[in-house]
Amino acid sequence: MNNDYQRSVSLRASRRAECNNQSQQNEDVEGEFFSPGKWSQDYPMKIIWRRGFLRLVLVGGILWMFLILTVLVFHVWSCQSSLAFLSAMCNKGSRVLIMLDTMGLVPKPPHRCLIPVADDPDKIVIPKRRTPSEVVEQLTYITEDVVGNNGSSPPPLFGGHQSWLQRDESFELKSSMKVHCGFMRGGGAEMAPKDIRYAKNCRFVVASGIFDGYDTPHQPSDVSPRSQKLFCFLMVVDEISIDFIKKNVTVREDKDGGQWVGIWRLIVLKNPPYDEPRRNGKVPKILTHRLFPQALYSIWIDGKMELMVDPLLILERYLWRGKHTFAIAQHKHHRSIYEEADANKRRKRYARPLIDLHMKIYRYEGMEPWSPMKNTVSGEEGIANIFQSMFFLPLFVFTECHEDVPEGAIIIREHTALNDLFSCLWFNEVNLFTPRDQLSFGYVVYRLGGVFKFFMFPNCEYNSLFVLHPHTREHSSKVEWVKSLDEFKGNNSDLKESRGGLGLWTPYPGNLSSVVLPAVSRTSKAG
């Protein structure tokens with residue numbers, strides 16, 4: 001018992017000695033590194049180094065944030081500038097912005113956004129001089145529909161029997177040009193003399209249209225007294241629509257026989273030129289300059305839209321401020337006409353095989369799918385891209401870009417000779433092929449080889465210009481459900497439009513059998 005006790009005491013004593021020795025060793029080690037001599041020499045330097053590094057990081061961060069703020073403020077200011085170089089800073093197609101977008105660092109624009117319009121319509125200065133015509137100085141129109149010397153004489157068509165050769169020649173720009181542009185004598189779409197007299201006094205026009213009774217007129221909001229005096233609000237309708245409107249809203253008649261719904265003057269087109277109401281609606285939309293030849297400026301809005309912004313502010317924002325002559329909104333989802341064609345087929349907006357044929361012709365004629373690197377970077381755009389590359393900043397505000405697909409519900413134009421020519425060529429494509437005008441817009445831009453300049457503004461601004469109202473009923477026609485060209489043969493040949501889309505049935509001079517349409521990936525569930 002005593003032996004066990006003594007052994008336990010000696011074991012505990014030896015353990016205490018080991019602990020004391022270990023403690024002494026630790027103190028010796030600490031003494032080597034934190035001896036008073038070393039501490040007095042190193043500590044001030046460490047404190048200075050730490051404080052200097054923190055100050056350097058803090059000052060660098062402040063300078064970097066100040067630089068970012070300065071560049072962003074300059075960028076936003078440059079987007080409002082009328083100088084071409086500064087406007088180029090806002091180019092959406094810059095390589096840096098595209099790269100950041102693919103990385104998910106560029107936030108998607110909101111559905112609606114504030115429009116940087118001026119505050120007071122009364123303070124807007126209207127340009128005293130029209131934009132000079134440089135490329136096309138004189139434009140005239142073919143008005144007699146000549147079919148050929150084959151002995152047959154079919155009735156004249158509104159768009160005329162344009163040959164493939166005439167179509168190609170119409171894209172060859174000259175100082176003096178004569179082209180097809182609708183309104184062939186005897187082809188339909190006649191205005192009453194009282195409406196022609198009224199339109200002769202219209203220099204500033206807000207135009208819209210309703211066909212086949214799909215809408216009723218919606219009154220614009222926030223129109224200033226100055227704009228009410230300056231603008232003619234002209235609603236183009238067919239005879240079916242005028243009867244429908246009279247049954248659903250109040251139509252007043254002035255002493256000259258003019259018909260009015262609120263601020264809108266109703267302009268009735270007799271003898272609609274096409275079988276398809278959608279194609280009839282392209283006449284006032286695209287050929288506004290032909291219906292109202294005295295107009296200097298026009299704003300087209302679709303019949304389902306309620307305008308929410310004063311039209312004088314629209315002209316200042318989209319034309320005069322940036323010295324543009326043609327403005328149109330970019331499409332919300334699509335950048336390529338092939339994407340838009342695919343969406344039209346899914347939604348049964350027209351016969352699927354005819355849309356494919358339309359696109360094959362464009363593909364055969366060299367129309368490439370849109371891509372970020374598709375357009376050649378100009379000198380101004382190149383400088384802007386270098387500026388963005390230097391700071392690697394996501395610059396979100398932009399102006400000019402050249403996507404192929406617009407939102408066609410609003411078109412803002414100065415009626416220059418080149419813009420009128422573009423409208424004629426655009427309409428000719430709609431007349432020859434499908435009535436889906438968004439498929440033809442980019443093609444005409446492509447054929448004009450960059451000569452036609454336009455301002456394509458953000459879609460969120462487009463959505464802020466209007467309140468969108470639903471149609472009174474859904475549009476539908478038999479041709480939209482056709483799935484193959486065989487369905488047009490035999491007893492179903494009445495599915496063919498008799499006065500439009502003839503380019504889809506006229507033998508094309510090129511071999512389309514080997515044409516393969518580009519693959520399309522759906523970019524949005526709504527697209």
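Data for the structure
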item	result
Sole residue being at pLDDT below 95 and of a type outside the set (Phe, Trp, Tyr), chosen from Asp256, Asp310	Asp256
Verdict on Pro273 being part of a loop (DSSP other than H, G, I, E, B), surrounded by 21 or more Cβ atoms within 10 Å (Cβ to Cβ) and modelled with pLDDT of 95 or more	yes
Every residue from the range 479-493 that is at pLDDT 80 or above and not small (Gly, Ala, Ser)	Val479, Glu480, Trp481, Val482, Lys483, Leu485, Asp486, Glu487, Phe488, Lys489
Sole residue being of a type in the set (Asp, Glu), modelled with pLDDT of 90 or more and buried (at least 17 other Cβ atoms within 10 Å of the Cβ), chosen from Glu339, Glu381	Glu339
Every residue from the range 132-156 that is touching an Asp or Glu at 6+ places or on another chain (Cβ under 6 Å) and not in a strand (DSSP E or B)	Pro156
The range 200-227 - residue that is of a type in the set (A, V, I, L, M, F, W, C) and either outside any loop (DSSP other than H, G, I, E, B) or within 23 Å of the chain's Cα centre (by Cα) (or both) and, of those, surrounded by the fewest Cβ atoms within 10 Å (Cβ to Cβ)	Phe204
Those residues of the range 299-333 which are in a loop (DSSP other than H, G, I, E, B) and open to solvent by less than 10 Å² (accessible area, probe 1.4 Å), in sequence order	Gly303, Asp310
Condition met for Asp195 (modelled with pLDDT under 95 and within 16 Å of Pro284 (Cα to Cα))	no
Enumeration of residues in the range 212-249 that are among the β-branched types (Val, Ile, Thr) and either more than 24 Å from Ile286 (Cα to Cα) or touching an Asp or Glu at 6+ places or on another chain (Cβ under 8 Å) (or both)	Val223, Ile240, Val249
Filtered residue count, the range 173-194, keeping only those that are under 18 Å from Phe158 (Cβ atoms) and assigned to a loop (DSSP other than H, G, I, E, B)	10
All positions within the range 248-262 that are surrounded by fewer than 16 Cβ atoms within 10 Å (Cβ to Cβ) and among the hydrophobic types (A, V, I, L, M, F, W, C)	Val249
Within the range 481-508, tally of residues that are free of Cβ contacts under 8 Å to residues at least 24 places away in the same chain and of a type in the set (S, T, N, Q)	3
Tally, over the range 228-244, of residues that are in contact (Cβ under 8 Å) with a residue 24 or more places away in the chain, part of a helix (DSSP H, G or I) and not β-branched (Val, Ile, Thr)	6
Among residues of the range 204-218, those that are under 12 Å from His475 (Cα atoms) and among the polar types (S, T, N, Q), counted	0
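For every residue, the table says whether it meets (1) acidic (Asp, Glu); (2) farther than 25 Å from Asp302 by Cα; (3) part of a helix (DSSP H, G or I); (4) open to solvent by less than 30 Å² (accessible area, probe 1.4 Å).
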| position | (1), (2), (3), (4) |
| --- | --- |
| Val444 | no, no, yes, yes |
| Val451 | no, yes, no, no |
| Arg473 | no, no, no, no |
| Val479 | no, no, yes, yes |
| Asp486 | yes, yes, yes, no |
| Glu497 | yes, no, no, yes |
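The values are calculated or read from the model by the stated rules, or taken from the named source; none is laboratory data. Note that the structure is a prediction, hence the values are computed from the model and not measured. Backbone-built Cβ (ideal geometry, glycine too); neighbour counts: all protein chains shown. Surface accessibility is based on the protein's heavy atoms, side chains included, excluding ligands, DNA and RNA. Shrake-Rupley method; radii C 1.70, N 1.55, O 1.52, S 1.80 Å.
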